[in-house]
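For reference, the structure is listed below as C-alpha cells.
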Amino acid sequence: MDVAYLQSRCISSPIRLPSRPLSVFPRVSSHSILQKSNVFRAIRHRNFCLASGADTLIAGSRKEDGKSHASGNKKADEFEDLKSWLHSKGLPPCKVVLNEKPSHDQKHRPIHYVAASEDLEEGDVAFSVPISLVVTLERVLGNETIAELLTTNKLSELACLALYLMYEKKQGKKSFWYPFIRELDRQRGRGQLAVESPLLWSEDELAYLTGSPTKAAVLERAEGIKKEYNELDTVWFMSGSLFQQYPYDIPTEAFPFEIFKQAFVAVQSCVVHLQKVSLARRFALVPLGPPLLAYKSNCKAMLTAVEGVVQLIVDRPYKAGESIVIWCGPQPNSRLLINYGFVDEDNPYDRILVEASLNTEDPQYHDKRMVVQRNGKLAVQVFQVYAGKEKEAVSDMLPYLRLGYVSDPSEMQSVISSEGPICPVSPCMERAVLDQLSDYFKGRLAAYPTTLHEDETLLADSRLDPKKRVATQLVKLEKKMLNACLQATIELMNQLPDDTISPCPAPYAPHLK
C-alpha cells in the first residue's frame, strides 16, 4: 500500500474556521516543549526511521514499479474492498458499484470510480453513507477539543485531516479507516483524468504552465503547505488532548515534508464541504465521494448531510455502468487543475483575472480613489473575465481606466460631481485607453511559449503525456479568453471616428497586471 499518497485537494487556499477561547485547555510552555522534545528525541528518531522505510509511508514505493505490480495487486486482493467494508460497517443497500479504469502510467495501479449499478432516474438516491463512516474534524478532534487546535490559527482543516489520516495510516490494519486509507492510496490523489495535482508535478512538468498565472498559484500554494508543515510540531505540542494515541510521534519527525505534502494534496482532492452542518462537520472525507465520484462544472448533484447520513441524489438519468458525476462548485479551471488535476472544457465558471490599479504618484490619486470607491471599485481592482463574456468584461474596465487618464483638475472636478462612473472622453483619450488594453492582452498572450493553433495540434495527439494534455487544455482556454478580450478591444478601436488619432499623453496611466 502506497501510504505516501494520502494527498489532498481543496480549495484555492486553506480555509480557517473561527477561533474559540482556550481557557479550559492546558497549555504547554516553550520550555516544557523543548524539554519534552529532548526527552523523546531518540524514540522519535527511531520511529522516523521505521516510518521512512515502511512501504505504507512512502509514495511511489517499490510496489509501484512494474516488477511487483502483479504481486502488489494479489496482496491487496486479500483484503475486502472499500464498498464491502462500508456495508459491513453499516452502509445501507445502494445503487452504485466501484469500477476501475487503467492509469496512464503503467507503474501505477488502475483507479476506481463510482458507477451506477442499475439504471437511475433523476432524483434517485444513489447512496447514503452514515456519518459514522465519514471523516470530519469532529471525528478527528472530538467536540471538546476542536477549539484547541483552531485557536492556534496555524493549521488549516485540510492539514488537520491529512495529519490525522497519516497517523491512522501508521496503525496499518489496526486502524478503523484502513480500507478507506488504502483506497485513497490507490487513487494517489488522482481524479477522473487520473492526473495528479500540479502541486506534485516536477519542475519540468510545471513548465507546461509557462505563461499562465496558474504556475505562480501552484508555487504559492506549495509554499503555504510548507508553512503549515513547519507549524505541525507547535500545534501537536500545544494541543495536549489531541492525537493521544500517538504520544511520541511528533509530526515533522514521523513524516518528511514530501509525505505530508502528498497527504495534503490527497485530502484536498477528496474533501467535501457539507452545508447546513456544524463547523466540526463542514469539511468531510466521504467514502464513495470524490475522487471516486467525477466532478462536473455544469452538474447540480451534491453530497448532502441529511439526518445522520451523507447522501447523493442524482440530477440526471444514468445507465448501469455509467460514471456518476457531482458538482464541483463555481470554480475556474485553474482551481480545478490545482485541486483535482483536471480541466473542464465546458466550465461556465472559467475565468481569468485582470488587475488594474490607480497610479499612486498621480497628484489626483486620492480624488480618483474616492470616485472609484463611490462606484463600487477599489484603488487596486481585480476584474473577472468570464468565458463567453469577454466583451462585457472589457466594457466594465473602460470607466475605471478612463478615470486614470484624467489629468486636468477641472475635468476631475466634473467627475467628482457626477452621479456615476462618468469621465469626459475625447477620441484621443479613448485611443490611449484602448491602446493600453490592447498592448496588455497582446503581452499576456506573448508570454505563452505556444500559440492556440499549436495547442490544438498538441491536443490532437492521442499519445500526449496526460499532465501535458491537461496543462495544454488550461492554457488553451486562457488564450481563448485573452484573444476574445483583444478582439473586443480592437472592435472598439475600429469604432473611433478617426483611426489616425494619436493617443493622448498619459503621465499617470493606471497599471495593468
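For Lys442, the conditions (1) at pLDDT 95 or above; (2) over 30 Å from Arg374 (Cα atoms); (3) surrounded by 15 or more Cβ atoms within 10 Å (Cβ to Cβ) all hold with the exception of (3). Restricting attention to the stretch 277-334 and to residues that are open to solvent by less than 30 Å² (accessible area, probe 1.4 Å) and of a type in the set (Phe, Trp, Tyr), the residue that is farthest from Tyr113 (Cα to Cα) turns out to be Phe283. Counting only helices (runs of 4 or more DSSP H) that sit completely within the stretch 174-261, those holding 2 or more residues that are modelled with pLDDT under 90 and under 18 Å from the mean Cα position of the chain (by Cα) correspond to 178-187.
Which of the residues belonging to the stretch 335-350 are open to solvent by less than 30 Å² (accessible area, probe 1.4 Å) and either in a loop (DSSP other than H, G, I, E, B) or closer than 23 Å to His87 by Cβ (or both)?
Gly341, Phe342, Val343, Asp344, Asn347, Asp350
Where residues in the stretch 362-394 are in a helix (DSSP H, G or I) and within 30 Å of the chain's Cα centre (by Cα), which of them is surrounded by the most Cβ atoms within 10 Å (Cβ to Cβ)? So that I can check it myself, show each step before the final result.
Step one: of the stretch 362-394, the residues in a helix (DSSP H, G or I) are 365-374, 390-394.
Retained after the next criterion (residues that are within 30 Å of the chain's Cα centre (by Cα)): 390-394.
On the way: Glu390: 22, Lys391: 16, Glu392: 12, Ala393: 19, Val394: 24.
Looking at residues that are in a helix (DSSP H, G or I) and within 30 Å of the chain's Cα centre (by Cα), I get Val394.
The values are calculated or read from the model by the stated rules, or taken from the named source; none is laboratory data. Source: prediction; values computed, not measured. Heads up, the Cβs are rebuilt from the backbone with ideal geometry, glycines too, and the neighbour counts pull from every protein chain shown. All accessible areas refer to the heavy atoms of the entire protein, side chains included, with ligands and DNA or RNA removed. Shrake-Rupley method; radii C 1.70, N 1.55, O 1.52, S 1.80 Å.
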